[in-house]
Amino acid sequence: MEEKPEILQLYELQYSDLILLSSNKSPPSKEEIRRIESVSETVMQTLGPIGPGLLSIVGVPKASILRQTLLPLARKLSLLNNDDRKLVLKEHNLGSDVPLKDLDRIVSSFAMQMKYEQRTSDGVNKKMEGKFEDEEFKNLGSLFKELGFCMMELGLCLAQICDKVIGGHELEQSLLQSGTAKGRLIHYHSPVDNFVIKEAAKRKGRRISEVNLGNEVKLCDDKKLDLWQQWHYDYGIFTVLTVPMFMLSNANNELEFENPSDHTYLQILDPEKNRVLMVKASMEGFIVQVGESADALSKGKLRATLHCVCRPKKMKNLSRETFVVFLQPAWGKTFHLSDHPMERLTSSSQDSESCTEGTHGAGKDSNGLTQNILQLVPPLHSRLKDGMTFAEFSRETTKQYYGSSGLQPNR
């Protein structure tokens, strides 16, 4: 019998408190001052060295309707044929950073660079040049931008809160100096989705080699496919995510299925207790994760989150939809590590050598799960050197994860 995962219920930061803490306004009473100071302390503990490195922001205006409208479009875009999809993406100034012609892909992603200076733009699109038009995609670009700019503001406000405690304006200025953030609308495929894509290609006469197009969709036994996304750290400052939406689907229709297992399928590794936790968050909230650049720029006051996205083992028709905004420094931003705790830079390699047990689900990890995870993740000290720019750090990180001699497959 499969063990139930150990759940991490995220700390929830109210949007009203986020705005108050990030502003220069003083609370109206001593009682409110004490309360808001307590909230600030909890935020820093949650994102700091002994915390999980992520939290949830709730009560954001319009978040629910934007999420409910945009996220289902991820699957619809993923299942479109390539020619029609190209027209839709071109119309809304979207691109992709995954090979969408790969019929066996397990993730489809649609991306846009969003500029801080355009946060108040209306995102009006020009008329499409092409034959494919569909009412359900007509607001894709404006929805993408509206939700994306909202999430950029959440990250910027959180940076201001952290800066007040750390001292200076390093995080906020690093975000603004970058000028842009990358938004990604992501569809995590179910096996049924791949079956539908292959059937469509077959009908179109496209050659498919070594593909099972029988009446039943079978789950692959390859352990790599237990994960939609392999274990890794984000290397920017903050990653802001919608809480995912889940879709139950077949070849003909789809049905929103909000929370099949009462969690998000986002897993993190608790660095203090060497155990894997499954993240649970309110459906209408946003998750904010700390990236490695924030860890370095805060001189260890914030801690990056080691995480993955796991796949349900039994629900072969369940897909996962989410929207993510990556907030990062300017490419020319230089890292200075002289004041960074050295034990933190080397902790990944030390942990992988010393860790002999952890937990997965409710029990002990007799198979060395934690050690296996850490062996897949190149330690920070091997990727980030004093005086490196963010561009150099980004290239080295990509190389060590996915290069010819990298620790993980590039997929």
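For segment 76-83, backbone phi angles converted through the Karplus equation (6.51, -1.76, 1.60; θ = phi - 60°) give residue-by-residue couplings of 4, 5, 5, 8, 5, 5, 4, 5 Hz, Gly and Pro being listed as x. Filter Lys299/Lys333; Lys115/Lys145; Lys25/Lys299; Lys101/Lys198 down to the pairs with a C-alpha to C-alpha distance above 20 Å, please. Those over the limit are Lys25/Lys299. Find out how many positive minus negative residues lie around Val43, taking Lys and Arg as positive, Asp and Glu as negative, among other residues whose Cβ is under 14 Å from that of Val43. After counting each charged neighbour, the total is -1.
Between amide H atoms placed 1.01 Å from N, distances below 5 Å from Asp104 occur with no residue 5 or more places distant or on a separate chain. The phi-based Karplus calculation (6.51 cos²θ - 1.76 cosθ + 1.60; θ = phi - 60°) puts the 3J(HN,Hα) values of segment 187-204 at 10, 8, 5, 8, x, 4, 4, 5, 4, 4, 4, 5, 5, 5, 5, 5, 5, 7 Hz, whole numbers, x for Gly and Pro.
Of the whole protein surface, Lys299 contributes about 70 Å² of accessible area at a 1.4 Å probe radius. Taking every protein chain into account, the 1.4 Å probe leaves Lys86 with about 120 Å² of accessible area, to the nearest ten.
Listed values for segment 368-379 are Karplus-derived 3J(HN,Hα) couplings in whole Hz (6.51 cos²θ - 1.76 cosθ + 1.60, θ = phi - 60°), namely x, 4, 4, 4, 5, 4, 5, 6, 8, 10, x, x, and x replaces Gly and Pro. Between Gln68 and Asp262, the modelled label-to-label distance comes to 2.4 nm, taking each label 7 Å out from Cα in the direction of the beta carbon. Database remark: amide H of Arg275 closer than 5 angstrom to the amide H of Asp270, Thr359 (H placed geometrically; neighbours at sequence offset of 5 or more, or on other chains; Pro and chain starts carry no H).
Net charge of the neighbourhood of Met388, taken over other residues with C-beta under 10 Å away and scored Lys/Arg +1, Asp/Glu -1, is +1. Amide hydrogen proximity for Lys333: with H placed 1.01 Å from N in the peptide plane, the residues at 5 or more positions away or on another chain lying under 5 Å are Phe390, Ala391.
Here Lys90 sits with roughly 150 square angstrom of accessible surface, probe radius 1.4 Å.
The values are calculated or read from the model by the stated rules, or taken from the named source; none is laboratory data. This one's a predicted model, so the numbers in the text were calculated from it and none came from an experiment. Backbone-built Cβ (ideal geometry, glycine too); neighbour counts: all protein chains shown. In case anyone asks, the SASA skips ligands and DNA or RNA and just uses the protein heavy atoms, side chains included. Shrake-Rupley method; radii C 1.70, N 1.55, O 1.52, S 1.80 Å.
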